[in-house]
1. If you average the sequence gap of Cα pairs under 8 Å that are 6 or more apart and divide by the length of region 161-222, what percent do you get for the contact order?
2. Please check which bits of region 85-114 a label hung off residue 70 would reach, taking the label as a point 7 Å along Cα-to-C-beta and the cut-off as backbone N under 11 Å.
3. Evaluate the relative contact order of the chain (contact order divided by residue number), counting alpha-carbon pairs under 8 angstrom at least 6 apart; express in whole percent.
4. Round to the nearest 10 and give me the degree value, 0 to 90, for the angle of helix 282-294's Cα axis relative to the longest principal axis of the chain.
5. Just the number, please: percent antiparallel of the DSSP beta bridges in the chain, rounded to the nearest 5.
6. Beyond 26 Å between alpha-carbons counts as too far, so tell me which of 42/326; 183/266; 183/299; 57/183; 170/326; 170/266 fall in that bin.
7. Could you give the angle, 0 to 90 degrees to the nearest 10, between helix 158-169's Cα long axis and the longest principal axis of the Cα atoms of the chain?
8. Could you sort 289-299, 43-53, 232-242, 147-157 so that the peptide with the highest average Cβ count within 10 Å comes first and the rest follow in order?
Amino acid sequence: VTTGGNRRVIFARPPRAADLADCFDFASVAMPEPAPGQVAVKLRYLSIDAYMLPMLKGENPASPIVPGDTMYGRCIGTIVRSRSRLLQEGDTVLGVLPWQDFAVADDGRLERIADDGVPLTAHLGALGQSGITAWAGVVDVARAAPGETFVVSAAAGAVGSCAGQIARIKGCRVVGIVRGTTKRHYVMREFAFDACLDSRAPDFAETLARHADEIDVYFENVGGALLDAMLPRMRRHGRIALCGLVAQYGGDDAVPMRNLAALRRKCVRLEGFGVSDYLHRKADILAEIAGWMRSGLLKHAETLTHGLERAPEALAGLFTGGNLGKQIVVLV
Ligand SMILES: NC(=O)c1ccc[n+]([C@@H]2O[C@H](COP(=O)([O-])OP(=O)(O)OC[C@H]3O[C@@H](n4cnc5c(N)ncnc54)[C@H](OP(=O)(O)O)[C@@H]3O)[C@@H](O)[C@H]2O)c1
């Protein structure tokens, strides 16, 4: 296929808590040769996702992996050899692929990406799964409406930044929650939310009460103690779109819920949802998001980390909050 090595990232040992530093090894594999109906892909971008921590702990049946396997996830690459009638050399494709420089895949499991003027990496973020997830939570699950107070946690992240922007487009007053003042300023500058609060600030409870005294919609990405603290702030007949519980994926923040009674008292609807239930509507949802992006209403934000060898570090960064927007690894 090409000269040079074909490095791969091996899942070596399960993580302890959210510590991913020691989970991976590197090795070289032979250059893959496509069989009929397959293509060889040179990987260019790896999507780094929060679900990967439960996946490595064996808690995600949809993404099985055992020690010794090559780590895998959604990736974008260029076809360097084709034995397919559907895909040609030079095509840019997106699919679930092993984390290695070159990989082989069945043509039916890859999606060709057209050169439509947006950065390719957006197809892993706002114009991909993160955007669809945000759309599902805001539009379908929470049914956010004009004039409502909409609060989103992990607001600087891939899903959170899209969710807040979509809620703003729908006419909501949007309040983000992040950890740290750098992220707080970033969210205000980049996404023009009405407010953004630092959940680690000593006066968090007071600022929350000031900016979001009665919350119509809470889009939850974090869980744990933060979710519990938000429950008494919900308005009567408010909705909580339960997107993710990233603070709990390490298993170290499974705090008891003390404020559940607020849900009953205020007749709040808490509903979990999964992006996989929306993939049959993907074309329509992405067309709407693409329209917002073209008219400047919605930004795809990203953090690019360069080098396959830094993929483990990029993944670990999701749980220490190292990323702004969608975390992507660029293969060089
Ligand atoms: N329902 C679905 O189908 C679906 C699909 C995709 C993603 N998700 C969920 O959406 C959420 C966001 O995922 P993403 O891929 O867009 O990641 P992301 O928000 O880009 O990155 C994760 C962010 O979570 C925050 N975080 C991590 N550990 C935390 C902790 N212990 N306490 C508080 N905050 C913590 C950090 O932001 P701060 O530094 O600001 O805290 C970090 O930047 C996750 O819960 C994920 O599981 C759900």
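Read-outs: derived from the displayed coordinates by stated rules, not from any lab. Source: prediction; values computed, not measured. Glycine also receives a Cβ, built like all others from the backbone with ideal geometry; neighbour counts cover every protein chain displayed.
1. Relative contact order, region 161-222: 29 percent.
2. It comes to 97-105, nothing else.
3. Details: 739 pairs, mean separation 60.9, N = 332.
Value for the chain: 18 percent.
4. With rounding to tens, the tilt is 70 degrees.
5. Numbers: 32 of 59 bridges.
If I count the DSSP bridges inside the chain, around 55 percent turn out antiparallel.
6. Values: 42/326 21 Å; 183/266 32 Å; 183/299 16 Å; 57/183 28 Å; 170/326 22 Å; 170/266 24 Å.
Listed pairs above 26 Å: 183/266; 57/183.
7. Result, in degrees: 50.
8. Details: 289-299: 16.0, 43-53: 21.9, 232-242: 19.5, 147-157: 26.3.
So the peptides 289-299, 43-53, 232-242, 147-157, ranked by packing, come out 147-157, 43-53, 232-242, 289-299.
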